[in-house]
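A.B. asks: Here it is, the structure, as structure tokens.
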Amino acid sequence: MLCLALALFFGWSQPAAQLDGQAYDWMFSSQSRPGQNPSSVLLAIDEASLIEMGGARRLRETLGRVLPRICAAKPLALAVDLMLSTTDDPDADTALAKALSQCPSVVLGADILRDASGWEEPIALFRRSAAALGHVHAEPDPVSRQIALEKAIGPKRYWALALEAYRLSKQAGPILESPQDLEVGLLLVPAARATARSLYIRYLAQPVPQLSLRDIDKNPDRALEFSGKAVFVGYTDQSAARDRLMTPMGKLMTGVEIHANLYETLQSGNFLIDASPALAFGLTLAAVAASGAIFFFLSGATAWVSAAAWLLLLHLLPRWLFANQIVLGPSLLLSGAWLATIVSASFHYFVIRRQWQRSEADKSRYQQAIHFVTHEMKTPLSAIQGSSELLSRYKLNEEKQKQFAQMIHSESKRLASMIQTFLNVERLAEGEMELKQDLFALSAVLLASLDRARLLAERKEIDLQVGPITPGQLRGDKELLEYALYNLLNNAVKYSPERTQVDCQCEAFGNEVRISIRDQGMGMDAQDLKRIFDRFYRSKRAEESGISGTGIGLSIVNEIVKQHRGRIEVSSEVGSGSVFTVVLPLASPASLDSVEGNANSRSTAAG
């Protein structure tokens, strides 16, 4: 709906109207029009004619001499696009009026005054010789595509010069009006009252034939070429013609020529009509809906190819409608289609991308699980395999058998605990599991982690120093926190050289406890510190050291600490070791009181 609303807002704006006009000009100029024998001829007052007769002041005298020859050829109508609103030379005026009276179906031009206060009309002498008056306007917008067949100033109204010429040439009676049409004899003209009876001009592919006033004056026999034609009289001289307007074909044309083309449009009965607002809206709605449906129901290359084909079809639709006499401005239709396509394609792209990312994340988690198995479970599996092999290969005494059986049992429990820890961390990270909310002593978790780490420290003769342990309790999953602290201690021992020292300090600050583990390893630079908790990331120095590792342990530790509403801080310098500090919230005093109360109650009950 938003795409449709934006399309309507743009499609009915002034910029869109300009784009629609340019599209109309392109469609009109590129349309192959069948040949049409012109039914009109232009009596052109051109430069040569003005020079020959000594300027415009002798125009009426020359017309008085030439028009009788033209009228003798029996033209269908004579439309004069000249302002005969003033008295000039009385003799010339009388001669011109007499000449006009000899012509059948004369239409004289009327013009709107510049201040739009009224009409400039022929004087009574000439009006007596005219069958009708017609307005001579051909307004650009900025291209002359239409002519308003009706013009009114105050109570007085005139039809277009070409329309009156057509009516008289058909010997039709008065023009009959309806809100949507004009009826001229047998012709129904689709010119609505709401648009001032505007009608698209179907310009001829070739110019309307012209004969100059000078040619007829010098060669009277050529007047026969006006026989059976509608004759339009007007200026074509560049200096005298006030209304040289641009046409859809990109050519300048005088007003009298434009009216001649309007006459040809009426004569052909081949009219262009604007698409109704309902049709334009319906097509735009369909375009928007279909553009969205393509990416809703289809995917991949099929969706993109279908969208491209649909857009191509919509681009061709205005051209097809134009060929069928319907003018549809493409701005509304195409803006709606493009907006809907862009929005739908973007949504489709991000949905597909999100699905791809989810698939990649699932794949990554699977790979991480494999790495975890190969990295973390190697030691207990080796112990189980070795012990079971000894039990099966050698005949051992009862004490040794018991010792190996206990080792297998212990390592299998450790292996199961590792698997459960990894799965729990993954489920917590995905929000598929809620963190346990048990209360337990900080010292119990830290001491258990230290005991497990001492085995590796003793092998490397590393002194594992532990400061005073802050009394207090934590809330969460004891096994996960024990795994996290053990992993940090194990890394500190693993990356520290033999016969060095690893320090573990525990301090409370307010409602938080800080557990710091300092090693004497190779250290890290600033670039390594930015990525140290990324899965599978190992620093270049760690890779070059030959110490085995997968880069998954710290990412799991970081996730466990975050799930316990804590954080990990790291400080390190190359060659000076590293300090990993786990910051965890201590259980609130209210929680401690509750636990102590429950413990006291249980002790009393037991007593």
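A.B. asks: Does the range 540-556 contain at least one residue that is crowded, with 18+ Cβ neighbours inside 10 Å, assigned by TED's automatic domain parsing to the domain that holds ALA587, assigned to a loop (DSSP other than H, G, I, E, B) and modelled with pLDDT under 75?
C.D. replies: yes
A.B. asks: Working only within the range 476-491, note down all residues that are touching a Leu at 6+ places or on another chain (Cβ under 7 Å) and surrounded by fewer than 21 Cβ atoms within 10 Å (Cβ to Cβ).
C.D. replies: ASN490
A.B. asks: Would you be able to tell me the number of residues in the range 256-277 that are assigned to a helix (DSSP H, G or I) and at pLDDT 90 or above?
C.D. replies: Qualifying residue count for the region: 13.
A.B. asks: Now for a different question. Using the structure shown, decide if ASP88 is of a type in the set (D, E, K, R) and under 30 Å from ASP25 (Cα atoms).
C.D. replies: No; evaluated as a whole, the condition is false for this residue.
A.B. asks: Within 53 Å of the chain's Cα centre (by Cα) and among the polar types (S, T, N, Q): does that describe GLN527?
C.D. replies: yes
A.B. asks: Let me ask something else about it. Show me the helices (runs of 4 or more DSSP H) found entirely inside the range 80-175 where at least 2 residues are among the aliphatic types (A, V, I, L, M) and in contact with a Ser or Thr (Cβ under 8 Å, 6 or more places away or on another chain).
C.D. replies: Numbers: elements: 90-101, 124-127, 161-169.
Of the helices (runs of 4 or more DSSP H) lying wholly inside the range 80-175, those with at least 2 residues that are among the aliphatic types (A, V, I, L, M) and in contact with a Ser or Thr (Cβ under 8 Å, 6 or more places away or on another chain) span 90-101, 161-169.
A.B. asks: Kindly provide the set of residues from the range 279-317 that are over 13 Å from THR341 (Cα atoms) and of a type in the set (Val, Ile, Thr), ordered by number.
C.D. replies: THR302
A.B. asks: Condition first: surrounded by 21 or more Cβ atoms within 10 Å (Cβ to Cβ), in contact with an Asp or Glu (Cβ under 8 Å, 6 or more places away or on another chain) and at pLDDT 90 or above. Can you find one or more residues in the range 519-529 that meet it?
C.D. replies: No; the residues of the range 519-529 include none that is surrounded by 21 or more Cβ atoms within 10 Å (Cβ to Cβ), in contact with an Asp or Glu (Cβ under 8 Å, 6 or more places away or on another chain) and at pLDDT 90 or above.
A.B. asks: Then there is this: On the given criteria, is SER129 touching a residue at least 60 places away in the same chain (Cβ under 8 Å), within 22 Å of ALA230 (Cα to Cα), in contact with a Leu (Cβ under 7 Å, 6 or more places away or on another chain) and buried (at least 16 other Cβ atoms within 10 Å of the Cβ)?
C.D. replies: Taking the combined requirement at face value, the residue does not satisfy it.
A.B. asks: Going through the range 492-513 one residue at a time, which ones are buried (at least 16 other Cβ atoms within 10 Å of the Cβ) and under 56 Å from the mean Cα position of the chain (by Cα)?
C.D. replies: Residues satisfying the conditions are ALA492, LYS494, TYR495, VAL513.
A.B. asks: For the list (1) in a strand (DSSP E or B); (2) touching a residue at least 12 places away in the same chain (Cβ under 8 Å), I need the number of the one condition that LEU188 fails.
C.D. replies: (2)
A.B. asks: Right, another one. Could you please give the count of residues in the range 198-228 that are crowded, with 16+ Cβ neighbours inside 10 Å, farther than 17 Å from GLU264 by Cα and basic (Lys, Arg)?
C.D. replies: Result for the range 198-228: 2.
A.B. asks: List pairs: first residue in the range 221-233 and assigned by TED's automatic domain parsing to the domain that holds ALA72 and closer than 15 Å to SER40 by Cβ, second residue of a type in the set (Val, Ile, Thr) and assigned to a helix (DSSP H, G or I) anywhere in the structure, Cβ distance under 8 angstrom, at least six positions apart or on different chains.
C.D. replies: PHE226/ILE70; VAL231/ILE70; PHE232/VAL256; VAL233/VAL256
A.B. asks: If you don't mind, another one. Given (1) in a helix (DSSP H, G or I); (2) at pLDDT 90 or above, identify the lone condition not met by VAL231.
C.D. replies: In the conditions (1) in a helix (DSSP H, G or I); (2) at pLDDT 90 or above, VAL231 misses (1) alone.
A.B. asks: Let me ask you something else. Take LEU455 and tell me if it is out of contact with any strand residue (DSSP E or B) (no Cβ under 7 Å at 6 or more places or on another chain), assigned by TED's automatic domain parsing to the domain that holds ILE547, modelled with pLDDT of 85 or more and not aromatic (Phe, Trp, Tyr).
C.D. replies: In short, no.
A.B. asks: In addition: Report, by residue number, each residue of the range 248-299 that is hydroxyl-bearing (Ser, Thr, Tyr) and over 19 Å from LEU182 (Cβ atoms).
C.D. replies: Within the range 248-299, THR254, THR284, SER291, SER299 qualify.
A.B. asks: Of all the residues that make up the range 461-480, how many are in contact (Cβ under 8 Å) with a residue 60 or more places away in the chain and charged (D, E, K, R)?
C.D. replies: Residues flagged as in contact (Cβ under 8 Å) with a residue 60 or more places away in the chain and charged (D, E, K, R) within the range 461-480 amount to 3.
A.B. asks: May I ask you to verify whether GLY329 is outside the structural domain of LEU188 (by TED's automatic domain parsing), closer than 23 Å to ILE352 by Cβ and either under 27 Å from the mean Cα position of the chain (by Cα) or not aromatic (Phe, Trp, Tyr) (or both)?
C.D. replies: Values: outside the structural domain of LEU188 (by TED's automatic domain parsing): yes; closer than 23 Å to ILE352 by Cβ: no; either under 27 Å from the mean Cα position of the chain (by Cα) or not aromatic (Phe, Trp, Tyr) (or both): yes.
Judged against the criteria, GLY329 is not a match.
A.B. asks: If you check ALA72 against the conditions, is it farther than 24 Å from GLN171 by Cα and modelled with pLDDT of 90 or more?
C.D. replies: It is false that ALA72 is farther than 24 Å from GLN171 by Cα and modelled with pLDDT of 90 or more.
A.B. asks: Further question: Among the residues of the range 309-327, which ones are in contact with a strand residue (DSSP E or B) (Cβ under 8 Å, 6 or more places away or on another chain) and outside any helix (DSSP H, G or I)?
C.D. replies: Hits for the range 309-327 are GLN325, ILE326, VAL327.
A.B. asks: Go through the range 322-341 and give me each residue that's closer than 16 Å to ALA286 by Cα and aliphatic (A, V, I, L, M).
C.D. replies: Within the range 322-341, LEU328, LEU332, LEU333, LEU334, ALA337, LEU339, ALA340 meet the criteria.
A.B. asks: Identify, please: which residue in the range 573-595 is polar (S, T, N, Q) and modelled with pLDDT of 90 or more and is, among those, farthest from the chain's Cα centre (by Cα)?
C.D. replies: From the range 573-595, those polar (S, T, N, Q) are 576, 578, 581, 588, 591, 594; that's our starting set.
Of the ones still in play, those that are also modelled with pLDDT of 90 or more are 578, 581.
Details: SER578: 51, THR581: 49 Å.
The extreme case among them is SER578.
The values are calculated or read from the model by the stated rules, or taken from the named source; none is laboratory data. The model shown is predicted, which means the values in this text are computed figures rather than measured ones. So basically every Cβ, Gly included, is an ideal-geometry build from the backbone, and we count neighbours across all protein chains shown.
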